[in-house]
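Take a look at the structure below.
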Amino acid sequence: MAKLRLALSGPSGSGKTYSALLIASGIVPMEKVAVIDTENGSANLYANLGTYSVLTLHPPYTPKKYIEAIHAAEQEGFELVIIDSLSHSWNGEGGLLEQKDKATDAKYKGNSWAAWREVTPEYNKLIETMLNSPCHIIATMRAKTEYMQDDSSGRKRIVKVGAAPIQRDGIEYEFTVVFDLSIDHMATVNKDRTRLFDGQYFVPTPDVGKTLKQWLDAGEPAPAPAPQPVPVTEVQSVSQTPESQQVPQSAISSQPVQSVPQPQPSPPVDTQSDVYLMELLKFVWTKGGWSLDILPDYVSKRWSKPFNQITASEVYALTNEICQYIHMDRRALEAEFQQTNIPF
């Protein structure tokens, strides 16, 4: 059976933890759910949902700690792991951004680009652990909080909205489904390879999990859509809290499950979009003043894998990073690239 890779992104107070637990309850029994908690025990607040277990992480929030927690859950026989929250591995105490800053100052004399080469393999290991886990994975991510003026009720009011998730650019590529949660707990679809929730607005319930499980049980996952332009350690032991008291599962509502679309065949690896992205990367690389001769070796070291095995999403993420490093706007460079008439 295919395994779920779901991300929930939203501002503080949008209900990420509770929504993740509700969706999980529709996929597996709650006693098979483990929560990796970095949110000061927020996962312990919903004991009425069942006997799920909580693995508590404390600072520093290094990727290695997350990896050990995921492996610990796997070894204990859990079937679904909720990572609450994945954002701490990025910008929390001891997270990747802090590691990069320390390496920049201590080892690379202010060269942050060189420092990224040191910490990126740790990020890649965490992503690979999530993708290769035999468990279903639901990851919550904090969103940068923004405010906007709302006139829909006839009166002007300021409302809090979520923006991009607090994580590395391109993180959405790693998940099958990404839901954005608003402050009123309403979910919208950011990415959906299942095509089950396109255009829908809903409050997450166990039925969302049941629908996803039915799709997962139907066969192989649907192929990823063609890449689209997007804006671009010390280990401590993990403790498990005592099991909570269980409530009757009848307390969880049951509604008809949506029909499941049949998966489509996977596209060829060497698609026109992939060729386009690689040519764009080369174009941006030369704009930075570097020789194309060293690009393959650099890219393979950057992603810790052979150059011919990197994915389209990795190429695009690297293109964005190079643009940021040389302080150039990617959209302007891409428009310039499209005027070159390079065949691809």
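Only the coordinates and a few stated rules stand behind these numbers; no lab work does. Computed from a predicted structure; not experimentally measured. Neighbour counts are summed over all protein chains in view; Cβ atoms, including those assigned to glycine, are modelled from backbone coordinates with ideal geometry.
Using a simple spin-label model with pseudo-atoms 7 Å out from Cα toward Cβ, Glu31 and Ile127 lie 3.8 nm apart.
Please give the net charge around Phe78, taking every other residue with its beta carbon less than 10 angstrom from that of Phe78, where Lys and Arg add +1 and Asp and Glu add -1. Surrounding charge for Phe78 is -3. Near the amide H of Val54, within less than 5 Å, lie the amide hydrogens of Val35, Thr241, all on another chain or at least 5 residues away, with H placed in the peptide plane. Among Ser85, Ser182, Ser291, a tally of other beta-carbon atoms within 10 Å of each Cβ gives an order, fewest to most, of Ser291, Ser182, Ser85.
Potential lengthening of the chain between Met1 and Phe202 amounts to 69.7 nm, from the contour at 0.36 nm per residue minus the alpha-carbon distance.
Anything over 22 Å Cα to Cα? Flag those among Lys102/Lys125; Lys64/Lys305; Lys144/Lys210; Lys213/Lys305, in the order listed. Exceeds cut-off: Lys144/Lys210; Lys213/Lys305.
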